[in-house]
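Computed from the coordinates by the stated procedures, all read-outs in this text should not be read as laboratory data. Owing to the predicted nature of the structure, the values given are computational and were not obtained by experimental measurement. Virtual Cβ from ideal backbone geometry, glycine too; neighbours counted across all protein chains shown.
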Amino acid sequence: MLRVAINGYGRIGRSVLRALYENGYREQMQVVAINELADIETISYLTRYDTTHGRFPKQISTSANSLLVEDDEILCFACENPEDIPWSDLAIDMILECSGSFADREGAQAYLTTGIPRILLSQPADAEVDATIVYGFNHQEVSLDHSVVSAASCTTNCLLPVLDTIKQFAGIEHGTTQTIHSAMNDQPIIDGYHTKDLRLTRAALSSIIPVDTGLAKGINRMMPELNGKMACNAVRVPTLNVSVIDLVLRTERDVTEAEINAQLLNATQGKYAGLMGYTQEAHASVDFNHDSRSVIVDGTQTKVVDGRLVKLLCWFDNEWAYANRMLDVARYWATLIEK
């Protein structure tokens, strides 16, 4: 049984804990500790009630400084510095780093020096980490010798299965992406200064706001054959959850809309079964709230211009799907430990 701790109990940290109990991961791993600056009653409340994903499906209570999920006791700490927590006393096998506070090996070193053997980051990381993993695409690259691994980003997890499928079928010369992303907690409700990124000082619920994205960097790292061939933009929109990528590709050979859709549908039943979805129904974004798949391709929006210019619409739950992918990577890593 893999013993894990969650550092940072925000949107992803709470989704990770919830997904562990909802989607069967509890059979292979147990959360034994949470580090979050909030007090235990706040942690309990935010676990029980969630505006986006609804009520937690298990019984939640507290005892001293522990969160109780039915009979499972999870110790709760409120430490800014990881080295202040007695990790070695808890026999932790892996930290799920969900605070977003660092994205490099140097930041992870604070955990490693306390005796934590493995750290899985909930965001893209510098190239110096041992591996960046998109589950389903390259999770076999995780090694028992690795100590710091990134689960990439929600957008990379959405896009890579689609790019991989199209590349194998028709090749890719170049492309662009436009991510239309739900609002996040680094945005204020009303205008207010908290960052040097002036766009992110503007009210989240009043505007469509352009933001920076590292998606192109993630594509280049995961698919080096596309290095320099993808341009990526992103905007935030006033919705609570679920995002979409508008993908445009120039293929190496002529294709039709029917052929592209058939290949993507086949991928949902093959290599990316359970990770990629395909639909021909008339959907809105809310239909994919709490959908654990990395990407759902909307076949009604597939367009092909002049034989080789392909346009696709790719939905994803930017919280729930990503949390499930983190747990998939952790579970796969655990199988290597058991061997």
- Message: Taking θ = phi - 60°, what integer Hz values does the Karplus form 6.51 cos²θ - 1.76 cosθ + 1.60 yield along segment 106-119, in sequence order, with x for Gly and Pro?
- Response: 4, x, 6, 4, 4, 6, 4, 6, 8, x, 5, x, 9, 10
- Normalising by the residue count of the chain, find the relative contact order in percent from Cα pairs under 8 Å and 6+ residues apart. 16 percent
- What does the helix-only formula give at 222 nm for the chain: each DSSP H stretch with n ≥ 4 adding -39500 (n - 2.57), the total divided by the residues, and the result rounded to the nearest 500 deg cm²/dmol? -8000 deg cm²/dmol
- Note on the structure: Computed over the chain: longest principal axis from alpha-carbon atoms vs helix 320-338 long axis, angle to nearest 10 degrees, is 70 degrees
- Message: Compute the angle between helix 11-22 and the longest alpha-carbon principal axis of the chain, please, reported from 0 to 90 degrees and rounded to the nearest 10.
- Response: 80 degrees
- Per-residue ³J(HN,Hα) for segment 302-312, Karplus 6.51 cos²θ - 1.76 cosθ + 1.60, θ = phi - 60°, Hz, x for Gly and Pro: 5, 10, 10, 10, 6, x, 10, 9, 10, 10, 10
- Message: Report the Cα centroid-to-centroid distance between segment 83-160 and segment 230-281 in angstrom, as an integer.
- Response: 27 Å
- Magnitude of the Cβ-charge dipole of the chain, K/R +1 and D/E -1, about the Cα centre, nearest 20 debye? 780 debye
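Taking the Cβ of residue 174 as the centre, find all other residues whose Cβ is under 13 Å away and add up their charges (Lys, Arg: +1; Asp, Glu: -1). Please report the intermediate quantities before stating the final value.
Working: positive: 167, 229, 250, 308; negative: 173, 225, 252.
It works out to a net charge of +1.
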- Task: Let me know the Rg and Dmax you get for segment 155-318 when you use only its Cα atoms, in Å.
- Result: 16.3, 49
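Using only the C-alpha atoms of segment 2-129, find the volume of their convex hull and express it per residue in Å³.
107 Å³
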- Query: Tell me, what is the FRET efficiency for residue 21 and residue 254 to the nearest 0.05, using R0 = 51 angstrom and their Cβ-Cβ distance as r?
  - Reply: 0.60
- Task: At most 16 other Cβ atoms within 10 Å and a DSSP loop assignment: could you name the GluC sites (Glu not before Pro) in segment 23-125 that fit?
- Result: 70, 80
- Note on the structure: Low-density loop GluC sites (Glu not before Pro), segment 155-262, at most 14 other Cβ within 10 Å, DSSP non-H/G/I/E/B, are 252
- Send over the Kirkwood Rh of the chain, from the inverse of the averaged 1/r over different Cα pairs, rounded to one decimal Å. 20.8 Å
- Tell me which aspartates and glutamates have Cα within less than 18 Å of residue 217's Cα, excluding those fewer than 8 residues away on the same chain? 104, 126, 128, 130, 164, 173, 225, 246
- Listed with the fewest Cβ neighbours within 10 Å leading, 306, 212 appear as 306, 212
- Tilt of helix 154-170 relative to the longest C-alpha principal axis of the chain, in degrees (0 to 90, nearest 10)? 30 degrees
- Task: Quick one: net charge around residue 242, please, counting Lys, Arg +1 and Asp, Glu -1 for every other residue with C-beta under 9 Å from its C-beta.
- Result: -4
